[in-house]
Amino acid sequence: MKIVILGAGGAIGKTIARTMVARGDQVRVVGRNLLRLQRAFPDISIEPVEADLRTTDDCAKAIEGMDAAVYAVGLKYSKKDFANYPKLMEVFLSAADSSQLKQLILVTGVYSYGIPQSDKVTETHPRNPVSVKGQFRKEQEDLVLGAHNPNGLKTIVLRLPDFYGPEVDASMANNIFNSAAVGNERVYLLGPIDKPHEFVFTPDVGPVVADLMAKPEVFGSAYNFAGVDSISIRDFTEQVFAIAGDVKPVYWVIKGLPLRFFGLFNPLLREMIEMEYLLKTPVILDDSKLKRVLSNLKKTSYEEGIAQTIVGFRKRMVRT
């Protein structure tokens, strides 16, 4: 199969590309910077393509001759940038209309669900976003699901929780791994940190996407891919520090009024204020639907995933 991965420079795109190449597929990776793409994949055979996905012409160039596409484009973490998620998808789908593309998988998160109404959230849970970012993500999902055509382009939306992994450079867990990897006992966390939470290990995502693509009959809906288990941010952090060197972390937890105060000076914290509900009322995914269609679904334990991630972070620190 000929597969194109848009947003391939991120950790999710990388694991999908490597999985597809390992399975013998012809893989094209698309990003905004050709040199960065080439550096991201020094060890596997891929076709790197630089493209501006804001234009129909570049989207058409990106998918020309391809059978399937994985859309894993990540934008800057701001309301202004999130507004481009549905806009970019409209452009992409316009280009797909004139192509021979048969499959599209959108990889996204849990923002569209809003505040959970049950302990575990299935795909039938109402999607009532309570944030601007969530509304834009929902609009993007709706475009993808609305484009599904059993006799043409078949589509899937794959929703992930927070993630971590050796190549992740934009996740709430990064601060934890950065501190633990260098032996700094102080760690800054957004709170509360004792509620149930979940993280997916990014190398587990590639096989899920590849297995879904091998089953065209399961297209036409959304699927959750949950973490291996729920875990509090505190317990996750302590596992990271213990595996990194048996050091107990010293916490500085930012929440409530302090979050709003520091948000006055820090743009990223300011953007996190509207998403604080996910820490107070976490979305814990139920992926029974995915397990029914992928009987061989595998998930890496937190212990093993954390160990691999620490090794990855330390290697990156040595290179820089």
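Where a number appears in this text, it was derived from the coordinates with a stated rule and is not lab data. Values in this document were obtained by computation on a predicted structure and should not be read as measured data. Because the Cβ atoms are built from the backbone with ideal geometry, glycine has one as well, and the counts that use them run over all protein chains shown.
Below is a table of values for the structure above.
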quantity	calculated
Cβ pairs under 8 Å, 6+ apart, first in region 120-147 and free of Cβ contacts under 8 Å to residues at least 24 places away in the same chain and more than 16 Å from ALA72 (Cα to Cα), second aromatic (Phe, Trp, Tyr) and not in a loop (DSSP other than H, G, I, E, B)	HIS125/TYR113; PRO126/TYR113; ARG127/TYR113; ASN128/TYR113; PRO129/TYR111; PRO129/TYR113; GLY134/TYR111; GLY134/TYR113
Unique match (being over 28 Å from ALA210 (Cβ atoms) and among the hydrophobic types (A, V, I, L, M, F, W, C)) among LEU279, LEU285, LEU290, LEU297	LEU279
Only listed residue being of a type outside the set (S, T, N, Q), touching a Lys or Arg at 6+ places or on another chain (Cβ under 9 Å) and under 24 Å from GLY312 (Cα atoms), chosen from ILE46, ILE63, ILE16, ILE12	ILE46
Counted residues, region 28-48 - those being farther than 15 Å from LEU101 by Cβ and either hydrophobic (A, V, I, L, M, F, W, C) or free of Cβ contacts under 8 Å to residues at least 12 places away in the same chain (or both)	12
Verdict on PHE313 being in contact with a Leu (Cβ under 9 Å, 6 or more places away or on another chain), in a helix (DSSP H, G or I) and surrounded by 13 or more Cβ atoms within 10 Å (Cβ to Cβ)	no
Restricting region 116-137 to residues that are surrounded by 15 or more Cβ atoms within 10 Å (Cβ to Cβ), closer than 16 Å to PRO196 by Cα and not basic (Lys, Arg), the residue that is farthest from the chain's Cα centre (by Cα)	PRO116
Residue list for region 116-139, restricted to those being more than 18 Å from ALA226 (Cβ to Cβ) and hydrophobic (A, V, I, L, M, F, W, C)	VAL130, VAL132, PHE136
